[in-house]
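J.: Structure below; questions to follow.
The values are calculated or read from the model by the stated rules, or taken from the named source; none is laboratory data. A quick note: this is a predicted structure, and the numbers were derived from the prediction, not measured. FYI the Cβ positions are ideal-geometry reconstructions off the backbone, even for glycines, and counts take in every protein chain you see. Quick note on the areas: whole protein, heavy atoms, side chains included, nothing else; ligands and nucleic acids left out. Shrake-Rupley method; radii C 1.70, N 1.55, O 1.52, S 1.80 Å.
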Amino acid sequence: MQTPPASTTESGSGTALTTVTAPTASATTASAATAGSTAFRDLVPGIAGMALVGSSVTVSRALADAPLFATQAVRYAAAALLLFALARAARVPLHRPRGREWLWLAGIAATGLVLFNVAVVRGVAHAEPAVIAVAVASVPILLGLLGPFLEGRRPSRRVLLAAPVVVAGAVLVEGTGRTDAAGVAWAALALGCEAAFTLLAVPVLRRHGAWGVSVHAVWLGALMLTGLTVVFESPAAVASLGRPQWVAAGYLAVMVTAVAFLLWYRTVAAVGAGRAGLLTGVAPLAAAGAGVVTGSGVPGSAVWLGLLVVIAGLAAGLRPDRTPGPGARASRTDGRAPASP
């Protein structure tokens with residue numbers, strides 16, 4: 001191992017020798033490893049949340065003939081009660097929204113919860129499901145472009161380059177389908193709502209955290225859906241639900257709403273909307289896996305290729321940034337630029 005370099009500074013009373021110890025290779029490696037493990041630990045909740053969202057595709061088939069607004073109102077009302085109970089049990093403080101925060105949270109509920117479900121249900125009447133799925137799978141590009149601006153920073157070039165790769169992989173997994181002009185419009189609305197679910201949370205995550213944003217967005221969404229049930233359906237429509245539909249609604253309430261929302265917003269708060277957006281590529285992979293488990297058959301070659309493309313995009317876009325080591329920081333303190341390697 002080489003001897004650490006020394007630097008001298010001139011003072012009025014003579015020459016003072018100041019030794020600046022350069023970081024050893026082992027210390028630098030350990031610091032990089034710690035940063036890498038921390039970054040991956042921040043991504044794990046988002047990966048798990050998107051896997052749960054992907055699993056909902058198979059479960060939601062049981063609700064194809066169920067009343068839309070009534071079923072979703074029950075789902076989000078149950079999820080809101082569960083979130084309140086869990087927050088109280090965990091002693092997590094929930095802050096009352098104030099001022100413009102009401103608009104951000106209501107926007108999440110109106111777009112990400114209510115309009116998104118309407119767009120998907122109405123969209124599949126004009127387009128094959130793959131068309132809607134592909135549109136939603138394009139959300140990493142929007143989050144990579146718009147998320148950083150809401151967070152007060154520039155978009156990451158690495159994320160912007162990786163986002164189309166993840167989208168391409170998701171398209172291979174989902175496939176394509178036929179549609180008409182109305183189907184394209186509904187697909188575009190679904191994409192916008194999916195992006196709004198994350199983007200509108202950015203201004204309120206700092207004060208409310210993942211718990212607060214999840215709780216307030218869910219109870220507001222339940223309230224909106226209840227109103228739509230009264231206007232367009234009937235509260236009595238809930239009585240028409242059979243046992244399989246209740247089980248599906250319960251799974252969506254607990255795992256895909258209460259748990260997945262908390263996991264997702266935790267990752268968005270930790271790594272930013274742009275990097276978190278890449279993780280939406282996990283959802284179609286999870287949907288394909290859930291299909292295999294439920295007996296839909298082994299995926300074709302295009303799905304396997306899409307899996308590899310998504311993984312490549314995630315690996316490229318989520319690679320942890322290199323942080324300056326102690327030597328670089330020390331060199332800045334004495335007014336000199338760090339030496340080039």
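J.: Is the shape of segment 32-187 best called rounded, prolate or oblate, per the rule: a/c under 1.5 gives rounded, else a/b larger than b/c gives prolate, else oblate, with a ≥ b ≥ c the square roots of the Cα gyration tensor eigenvalues?
T.: Numbers: a/c = 1.62, a/b = 1.08, b/c = 1.49.
Oblate shape, in that a/c is at least 1.5 and b/c is the bigger or equal ratio.
J.: Sort 104-113, 136-145 by packing, meaning the average of other beta carbons within 10 Å per residue, with the highest value first.
T.: Details: 104-113: 21.8, 136-145: 23.9.
The densest-packed peptide leads the list: 136-145, 104-113.
J.: Something else now. Which of the peptides 165-178, 227-240 is most tightly packed, and how do the rest follow, going by the mean number of other Cβ atoms within 10 Å of each residue? Intermediate results must be reported in sequence, preceding the final value.
T.: Numbers: 165-178: 21.0, 227-240: 13.9.
Averaged packing, sorted descending, gives the order 165-178, 227-240.
J.: What does the highest-first list of 258-265, 45-52 look like by mean Cβ count within 10 Å? Don't skip to the end; give the middle numbers.
T.: Details: 258-265: 24.1, 45-52: 22.4.
Per-residue mean Cβ counts within 10 Å order the peptides as 258-265, 45-52.
J.: Work out from phi, with θ = phi - 60° and the Karplus expression 6.51 cos²θ - 1.76 cosθ + 1.60, the ³J(HN,Hα) of each residue of segment 304-310, listed in order in whole Hz, and give x for Gly and Pro.
T.: Ordered by residue, 3J(HN,Hα) equals 5, 5, x, 4, 5, 5, 4 Hz.
J.: Hey, another quick one. In whole percent, how big is the carbon plus sulfur part of the accessible area of segment 174-224, probe 1.4 Å, protein atoms only? Can you show the working numbers first?
T.: On the way: 1340 of 2060 Å².
Of all accessible area on segment 174-224, carbon and sulfur atoms account for 65 percent.
J.: Rg (Å, one decimal) plus Dmax (Å, integer) for the alpha carbons of segment 66-115?
T.: Just the Cα atoms of segment 66-115 yield Rg and Dmax of 13.2, 37 Å.
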